[in-house]
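Student: Right, I'll just put the structure down here and ask away after.
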Amino acid sequence: MTTASAVEAVFRIEQARVIAAAARIVRDIGIAEEIAQDALVSALEKWPESGVPDKPGAWLTAVAKRRAVDLVRRKENYARKLAEVGRSLEHAAEPPPAEPSPGSGPEADIDDDLLRLIFTACHPVLPTRARIALTLRLLGGLTTEEIARAFLASEPAVAQRIARAKRSLAAADVPFEVPYGPDRAARLDSVLEVVYLVFNEGYSATKGDDWVRPALCEDALRLARVLAALLPGESEAHGLAALLEIQASRIPARTGPDGSPVLLADQDRTRWSPLLIRRGFAALDRAAVPGVPPGPYVLQAAIAACHARARRYEDTDWALIVTLYGQLAAVRPSPVVELNRAVAVAMAEGPAAGLALVDAIAAEPELKDYHLLPSVRGELLAGLGRRDAARKEFVRAAGLARNDRERDLLLARAERLAGEPE
């Protein structure tokens, strides 16, 4: 790996922390992102000569903090000079001392720049989709293309959404802080969705050579735990934490020695983390609120728990999973949810029943370029013995897949079917 490649790899991992550290100083996430880019340029200039530091993330953060402090000092000096000119013209009264902000005591202080960053990017001044796209860009370090893939949206639309979001936050002078009281509760739903999408990008990377990006999963899981601790009475916060704990438990088994994907049915379940599964079950128990119907994250966690409880793939309670997906579709309708439900139906009732459900949603616009639609059709057609049709679906799915590992997996599946008789 070249030094430039090493710099880019480190920056991708550390970008969120670098931006968050700078934003705490300059109080503007747009400027903070520019400072982080300056730190990247500095690394590209210096590391080829000095070598990659032992702690490259700390190096980038230190450079960004110094530049942020310099910027603030320059602004303060300019403001001081303006104030001196103003005092020479008229005597202004000293402003009264600022009132302490709510929750400013030590017990309420959350020393987590990443959490401040995500709540700032999820401010209500922004539309929901803009909050999510901006946070994925800043927190997850995702490219515009990757965010568009997560949203099933066009790349130009997402790029415009992010640019408008930055301008809106700057124009509204949004503070870089964790909200308290009713404002925090109102912003939680968007924050949970952001954390969920960041984890998903780490769990099944939309692009590149790696099938899994564990650093993103770890960041999302840590934030989910912090949010659940921050709001102990919020069922969905615990539901999200439960879901991510259980999903993260499978990460060691999701790739082979060469980094190739290992699908759920083929995973060595002895490699699943018992600790994370126990943590997930405990969070799911905390999510249960008597008299309150489960929300989408609690339901998804319950589905993940069904898989975690099965010692073998054949022991999975698919009938219960079908029921849970039906409840999920009722509270959060989505063609992707219906596609997943169709897979569960196929496992419970046979491939023909699943294929009928898949074909019923195949024309949904959101699924037009979604590679898992032809991938699922391919599996169901293969299960019905229609190998040539299945092979074509896998080739189509490979053409839509952006992740290199996933594309290779789909093409290999198509090649195996080509050698089998109808």
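The values are calculated or read from the model by the stated rules, or taken from the named source; none is laboratory data. Bear in mind the structure is a predicted one, so any value in this text is a computation, not a measurement. Here Cβ is always computed from backbone atoms with ideal geometry, including for glycine, and neighbour counts include all displayed protein chains. Surface accessibility is based on the protein's heavy atoms, side chains included, excluding ligands, DNA and RNA. Shrake-Rupley method; radii C 1.70, N 1.55, O 1.52, S 1.80 Å.
Student: Within the range 281-303, restricting attention to residues that are closer than 21 Å to residue 341 by Cα and open to solvent by 40 Å² or more (accessible area, probe 1.4 Å), which residue is nearest to the chain's Cα centre (by Cα)?
Tutor: In this case the residue turns out to be 294.
Condition check ((1) within 19 Å of residue 254 (Cα to Cα); (2) in contact (Cβ under 8 Å) with a residue 60 or more places away in the chain; (3) among the small types (Gly, Ala, Ser); (4) outside any loop (DSSP other than H, G, I, E, B)) across all residues:
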position: 377; (1), (2), (3), (4): no, no, no, yes
position: 392; (1), (2), (3), (4): no, no, no, yes
position: 397; (1), (2), (3), (4): no, no, yes, yes
position: 409; (1), (2), (3), (4): yes, yes, no, yes
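Student: Out of all the residues in the range 236-265, which are over 22 Å from residue 375 (Cβ atoms), open to solvent by 20 Å² or more (accessible area, probe 1.4 Å) and assigned to a helix (DSSP H, G or I)? Before the answer, list the steps.
Tutor: Within the range 236-265, the first condition is being over 22 Å from residue 375 (Cβ atoms), and the residues that meet it are 236-246, 248-249, 252, 257.
From the residues that got through so far, the ones that are open to solvent by 20 Å² or more (accessible area, probe 1.4 Å) too are 236, 252, 257.
Within the range 236-265, 236, 252 meet the criteria.
Student: Would you mind stating whether residue 191 is touching a Leu at 6+ places or on another chain (Cβ under 6 Å) and within 17 Å of residue 296 (Cα to Cα)? Give the derivation first.
Tutor: Values: touching a Leu at 6+ places or on another chain (Cβ under 6 Å): no; within 17 Å of residue 296 (Cα to Cα): yes.
Against the criterion (touching a Leu at 6+ places or on another chain (Cβ under 6 Å) and within 17 Å of residue 296 (Cα to Cα)), residue 191 does not qualify.
Student: Can you tell me which residues in the range 123-140 are outside any helix (DSSP H, G or I) and either surrounded by 24 or more Cβ atoms within 10 Å (Cβ to Cβ) or modelled with pLDDT of 85 or more (or both)? Quick ask: steps written out before the conclusion?
Tutor: Step one: of the range 123-140, the residues outside any helix (DSSP H, G or I) are 123-127, 140.
Scanning the range 123-140 gives 123, 125, 126, 127, 140.
Residue by residue, here is whether (1) under 22 Å from residue 218 (Cβ atoms); (2) of a type in the set (S, T, N, Q); (3) surrounded by 24 or more Cβ atoms within 10 Å (Cβ to Cβ) holds:
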position	(1), (2), (3)
12	yes, no, no
17	yes, no, no
23	yes, no, yes
30	no, no, no
37	no, yes, no
41	no, no, no
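Student: Ok, one more. Which of (1) touching a residue at least 24 places away in the same chain (Cβ under 8 Å); (2) touching a Leu at 6+ places or on another chain (Cβ under 9 Å); (3) among the aliphatic types (A, V, I, L, M) does residue 357 not meet, given it meets every other one?
Tutor: Just one mismatch for residue 357, condition (1).
Student: Now a separate question. Go through 165, 148 for me and flag whichever is under 24 Å from residue 334 (Cβ atoms) and free of Cβ contacts under 8 Å to residues at least 12 places away in the same chain. Step through it out loud before you land on a result.
Tutor: Details: 165 fails: free of Cβ contacts under 8 Å to residues at least 12 places away in the same chain.
Unique residue meeting the criteria: 148.
Student: Could you tell me how many of the residues in the range 341-367 are small (Gly, Ala, Ser) and surrounded by fewer than 19 Cβ atoms within 10 Å (Cβ to Cβ)?
Tutor: Residues of the range 341-367 small (Gly, Ala, Ser): 342, 344, 346, 348, 350, 352-354, 356, 360, 362-363.
Those still in the list that are surrounded by fewer than 19 Cβ atoms within 10 Å (Cβ to Cβ) too: 348, 350, 352-353, 356, 360, 362-363.
Selection size over the range 341-367: 8.
Student: Here is a follow-up. Residues to consider are 325, 313, 370; find the one that is crowded, with 17+ Cβ neighbours inside 10 Å and touching a residue at least 40 places away in the same chain (Cβ under 8 Å). Give the steps one after another, and end with the answer.
Tutor: Numbers: 325 fails: touching a residue at least 40 places away in the same chain (Cβ under 8 Å); 313 fails: crowded, with 17+ Cβ neighbours inside 10 Å.
Every option except 370 fails the conditions.
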